[in-house]
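Report on the following structure.
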There are 2 protein chains.
Amino acid sequence: MEHKLSLYNSLTRKKELFKPLHSPHVGLYVCGPTVYSEPHLGHVRMAITFDTLFRYLLHLGYKVRYVRNITDVGHLEDEVAGTGEDKISKKAKLEQLEPMEVVQKYKLMFQEVLQILNTLPPSIEPQASGHIIEQQQMIRRIMDNGYAYEVNGSVYFDIETYNKKYTYGQLSGRKVEDMLANTRQLEGQQEKRSPLDFALWKKAGDEHIMRWPSEWSEGFPGWHLECSAMSTKYLGETFDIHGGGLDLLFPHHECEIAQTVASQGKDHVRYWMHNNMITIDGQKMARSLHNFITLKELFTGSHEKLERGYTPMNIRFFLLQAHYRSTLDFSNEALQASEKGLHKLLKAIENLDRIQAGKQSTLSVVPVIEKCFEALNDDLNTPIAIAQLFEGVRLINLLLEGKETLDPTDLERFSTFMKNICYEVLGLQPLEQSLTHDSAEEGLLQILVDLRLDARKNKDFATSDLIRDKLNELGIALKDTKEGTTWERIG
Amino acid sequence: MEHKLSLYNSLTRKKELFKPLHSPHVGLYVCGPTVYSEPHLGHVRMAITFDTLFRYLLHLGYKVRYVRNITDVGHLEDEVAGTGEDKISKKAKLEQLEPMEVVQKYKLMFQEVLQILNTLPPSIEPQASGHIIEQQQMIRRIMDNGYAYEVNGSVYFDIETYNKKYTYGQLSGRKVEDMLANTRQLEGQQEKRSPLDFALWKKAGDEHIMRWPSEWSEGFPGWHLECSAMSTKYLGETFDIHGGGLDLLFPHHECEIAQTVASQGKDHVRYWMHNNMITIDGQKMARSLHNFITLKELFTGSHEKLERGYTPMNIRFFLLQAHYRSTLDFSNEALQASEKGLHKLLKAIENLDRIQAGKQSTLSVVPVIEKCFEALNDDLNTPIAIAQLFEGVRLINLLLEGKETLDPTDLERFSTFMKNICYEVLGLQPLEQSLTHDSAEEGLLQILVDLRLDARKNKDFATSDLIRDKLNELGIALKDTKEGTTWERIG
């Protein structure tokens, strides 16, 4: 593993050389989606960022266990309450809302969208509801260690006691005193000793459908707990990388650290990574601003903010053209500019196979290769890496035009490099897969139909018949109607 | 819900009129795959049989909650042991085999294959490992009721005690005395009071990686338990239909009934349905006979028993041409015969839209519609229903030839019927374009290139330029070379 991959560690706030704990094994945990609504751009940036990291680590030769969870407890309760479904009839099990049906619907939708975006499936996709025992065990350990207390069947994490031995707030750089000063005691938090304390286990009210027995009450785990429990279950007490969206840094990941430290006496994560957010036309995405675009809308163009639909690879490439730690502004102009660049890049890579090797190399391919890897090794700087690929495109064109040549060894090396980075690491798909065949076909047919119409107007029946016959040979029948010429496939 | 759907109930061994407990709701539970190897034909027959039932119930207007489980505990242990992985290093979590990685791999493979075969996703797909608490609760209830006992941290179901109050063996028609007479005491079963007793909870040996704490031991649930626990969790104490492969009838479903009755004092299933097995060239499928064909092999033709690959719809149609309760012999000849029939059927349905309605109907479409529904209502007799669809094909051809006519109302009714049964109920997909898009595109472009060449020869430069410009608008550039005209996509 000869490389100098550095990753920005949100905990230390600096780039650090990446050294796995048990090389060549790498443990990677990423906070996945809460499956109670359609996948939107924010989810996709998280998924593509860490998919690209996963792909790059694999490319470097690591054996990566990539765990991305599915949150299906806790958040759902609000959704259920929000739709007024708490008045559900108790008559028959089948007539009640079953939260797991909601989970199944949106989980499948996520998996489909992420597959279309060419992300690799994680090694394990654990669901929170499937790990209640593990979460209860962790609560027990935290209580035994003195960092949690029970009130009326609910269990809360005790920030004050924790902060006497450890430091709460290290990841977000917040101080407990400041947080307390800025927090008002909210209604309904009477059970907590301090407003900063958070729930590890909540006793279920009557409106909660998802509930499990425990030594404290019939209830459900607090949202932060699942990631502490599932990451250490599948990756060990200490593992390499934990990723997620920047919006999860506080309080979710801060609480995750506190829970894990309180449970096992030490932190579980060596490198914390956070991808930044997406804005639209400079504005934050929010349902209330009507700029909350789902992936389905992006693919089809069916949103008032969209001039047209964009292909999955266009969206993926656009996201990779920004560094994952930068905010990214989403606009039609930016997407369309990105589309042109993507087409140029993929076309050039297709043309690689048409280049003939020369007897000797008139240029060196080393700089472009080295600079590209330097960029990827510099905290996964995909925009710089892509800029180097465009330098590669320039070289390809020089080679195609015969202005420069490469000997067989250099050509092979250069070609492999371009394809590997594009397809394997960045996860882009070859050009022919990116085109929509249907629309091309429609367009070609329309030209032929128009030509035939012109020919008939000019009484050039030889040509009009020729077009009809040739199309017939392709299995396409033309039909002249009052409304114009239509076509259909024949057997 | 006006229909007379009868289903063969494996428990009563007769066809019974289907009356849901809480109409229009229907609860359907099906034993899904154990995800530790590639999907094969047996899995597919199960999935397609109950997918067709699911589709037909939806077509009849029911609101169906379809639960199909994923078995990811228990069976896996053997697999792990079988690969000699019990000697796994304990050094680091990441260096150990993680059974959930195996689960993820094969689960995704199943879901992909079933999607390709156009099965609808179930409403809920619960995993056994995600329902340990529910299984432990059920064991507790069975023990409290006196039908299970603990030995050395394992818990066994007590057949003898159960059989004093209830009857074990009703589903399979076996008698406890006969079973006992035919069973030898096997080694390693010393803990059990009787060889017929089965495990509800097993204390984990050192070689078992999947293990959870319990009041009895750190261990894992017995295989039969998950279906009792998950079916009643999501569908209620009593629900309508429980399906599965015939190989699961004994002991799996027999034990499931015993567990549920012992836990709640009454049976949970109203209609038990079992699909029969698939043979190949008259032989049972078995790995040792080298006739164990996976779906991937079927799609690609890469198995010594296969003359070529078969399309997903070919396989689906072939399975539906046999009644689900018959054994089905799988052969190249049978598949190819089925393929011809499928093509004829789909082609005819495509042609439906070309039929012009007449002023009056010269034939009645009622018999074919009624007979088709009669067949489906007769325990989902798909082969007879398909025979009626072929009668429909005959009518379509008479109508196309103008030998018979239908008035607009009858034509609409007949057309809707044919399409609904084919696409919605049987889950077939419209005839794939006989041409792939790629070759269609190539063919269309070639016609245009030839037309342009003709135009230039005739010095009709207006037309040749028009073709070039129109193609440019579609993003296709023509390039005239010595070898002829080529084209490429431009940005």
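Shortest first, in nm, what separates the label point of A:Q190 from those of the same position in the other copies (7 Å along Cα→Cβ)?
Nearest first, the other copies' label points are 6.0 nm away.
Could you tell me which of the pairs A:K15/A:K175; B:K19/B:K371; B:K175/B:K266; A:K371/A:K419; A:K296/B:K296 are separated by over 25 angstrom between their Cα atoms in the structure shown?
Among A:K15/A:K175; B:K19/B:K371; B:K175/B:K266; A:K371/A:K419; A:K296/B:K296, the Cα-Cα distance tops 25 Å for A:K296/B:K296.
Pull up the DSSP beta bridges for the protein assembly as shown and report the antiparallel fraction as a percent, rounded to 5.
On the way: 48 of 92 bridges.
Antiparallel bridges: around 50 percent, rounded to the nearest 5.
Calculate the dipole size of chain B relative to its Cα centre from +1 charges on Lys and Arg beta carbons and -1 charges on Asp and Glu beta carbons; express the result in debye to the nearest 20.
Details: 57 positive and 69 negative charges, 149 e Å.
Dipole of chain B, to the nearest 20 debye: 720 debye.
Please arrange A:Y310, B:Y324, A:Y56 by how many other C-beta atoms lie within 10 Å of their C-beta, fewest to most. Before the final figure, lay out each step's value.
Values: A:Y310 19, B:Y324 26, A:Y56 23.
Listing A:Y310, B:Y324, A:Y56 from fewest to most nearby Cβ atoms yields A:Y310, A:Y56, B:Y324.
Tell me, what is the percent relative contact order of the stretch B:295-425, built from C-alpha pairs under 8 Å that lie six or more residues apart?
On the way: 122 pairs, mean separation 32.8, N = 131.
It rounds to 25 percent for the stretch B:295-425.
What spacing in nm lies between the two simple spin-label points modelled at B:E424 and B:N182, each 7 Å away from Cα in the Cβ direction?
Between B:E424 and B:N182, the label points sit 4.5 nm apart.
Please compute the average number of Cβ atoms from other chains found within 10 Å of each residue's Cβ in peptide A:442-453. Could you put the intermediate results ahead of the total?
Numbers: counts 2, 8, 12, 4, 2, 13, 6, 0, 2, 9, 1, 0.
For this peptide, the per-residue mean of nearby foreign Cβ atoms is 5.
What order do you get for B:I421, B:I209 when you list them from fewest to most C-beta neighbours inside 10 Å?
Working: B:I421 24, B:I209 18.
Sorted ascending by nearby Cβ count, the order is B:I209, B:I421.
Can you classify the protein assembly as shown as rounded, prolate or oblate using the Cα gyration tensor, where a ≥ b ≥ c are the square roots of its eigenvalues, rounded means a/c under 1.5, and otherwise it's prolate if a/b beats b/c and oblate if not?
Values: a/c = 1.88, a/b = 1.15, b/c = 1.63.
Oblate shape, in that a/c is at least 1.5 and b/c is the bigger or equal ratio.
How many nanometers, to one decimal and shortest first, lie between the label point of A:D353 and those of its other copies, if labels sit 7 Å from Cα toward Cβ?
When each copy's label point is compared with this one, the spacings are 3.5 nm.
Distances in nm, one decimal, shortest first, from A:E412 to the same residue in every other copy, taking the label point 7 angstrom along Cα→Cβ.
6.9
Estimate the FRET efficiency between B:E191 and B:E160 by the formula 1/(1 + (r/R0)^6), using the beta-carbon distance for r and 22 Å for R0, to the nearest 0.05.
Numbers: r = 15 Å, r/R0 = 0.69.
The computed FRET efficiency comes out at 0.90.
Whole Å is fine, so just give me how far the alpha carbon centre of the stretch B:292-371 lies from that of the stretch A:206-281.
Each part's Cα centre sits 50 Å from the other's.
If you take every residue apart from A:L320 with its C-beta less than 12 Å away from the C-beta of A:L320, what net charge results, scoring Lys and Arg +1 and Asp and Glu -1? Before the final figure, lay out the partial values.
Values: positive: A:R45, A:R55, A:R316; negative: A:D51.
Charge balance in the 12 Å sphere: +2.
If I model a spin label at B:K371 and B:D454 as a point 7 Å from the Cα along the Cα→Cβ vector, what separation in nanometres do I get?
5.0
Per residue of A:340-350, what is the mean number of Cβ atoms on other protein chains within 10 angstrom of that residue's Cβ? Mind dumping the intermediate values first?
On the way: counts 1, 1, 1, 4, 2, 1, 2, 4, 0, 0, 2.
For peptide A:340-350, the averaged partner shielding equals 2.
Can you check what the net charge comes to around B:P39, using other residues whose Cβ is under 13 Å from the Cβ of B:P39 (Lys, Arg +1; Asp, Glu -1)? Let's see the in-between values first.
Values: positive: B:R45, B:K105, B:K107, B:K296; negative: B:E38, B:E112, B:E297.
Overall, the nearby charge balance is +1.
Angle check, please: helix B:99-116 long axis (alpha carbons) against the longest principal axis of chain B (alpha carbons), in degrees 0 to 90, nearest 10.
It works out to around 40 degrees.
How shielded is B:276-286 by partner chains, expressed as the average number of their Cβ atoms within 10 Å of its Cβ atoms? Spell out each step's value before the answer.
Numbers: counts 0, 0, 0, 0, 0, 0, 0, 0, 0, 0, 0.
For this peptide, the per-residue mean of nearby foreign Cβ atoms is 0.
Considering only chain B, what is the antiparallel percent among its DSSP beta bridges, to the nearest 5? Show your work: numbers first, answer last.
Numbers: 24 of 46 bridges.
In chain B, approximately 50 percent of DSSP beta bridges are antiparallel ones.
Give the order of A:W487, B:W272 when sorted by the count of other beta carbons within 10 angstrom, beginning with the fewest. If you can, show how the numbers build up before the last one.
Working: A:W487 15, B:W272 21.
With the fewest neighbours first, A:W487, B:W272 line up as A:W487, B:W272.
Rounded if a/c is under 1.5, else prolate if a/b beats b/c, else oblate: with a ≥ b ≥ c from the C-alpha gyration tensor eigenvalues square-rooted, which is the stretch A:6-275? Could the numbers behind the result be given before it?
On the way: a/c = 1.83, a/b = 1.15, b/c = 1.59.
Cα axes put the stretch A:6-275 in the oblate bin.
Rounding to the nearest 10 and keeping the result within 0 to 90°, find how far the Cα-based axis of helix A:41-59 lies from the longest principal axis of chain A.
80
So how far apart, in nm, are the two label points at A:S326 and B:K340 if each is 7 Å from Cα heading toward Cβ?
6.4
Since every read-out is calculated from the coordinates, none of them should be taken as a lab result. Owing to the predicted nature of the structure, the values given are computational and were not obtained by experimental measurement. Neighbour counts are summed over all protein chains in view; Cβ atoms, including those assigned to glycine, are modelled from backbone coordinates with ideal geometry.
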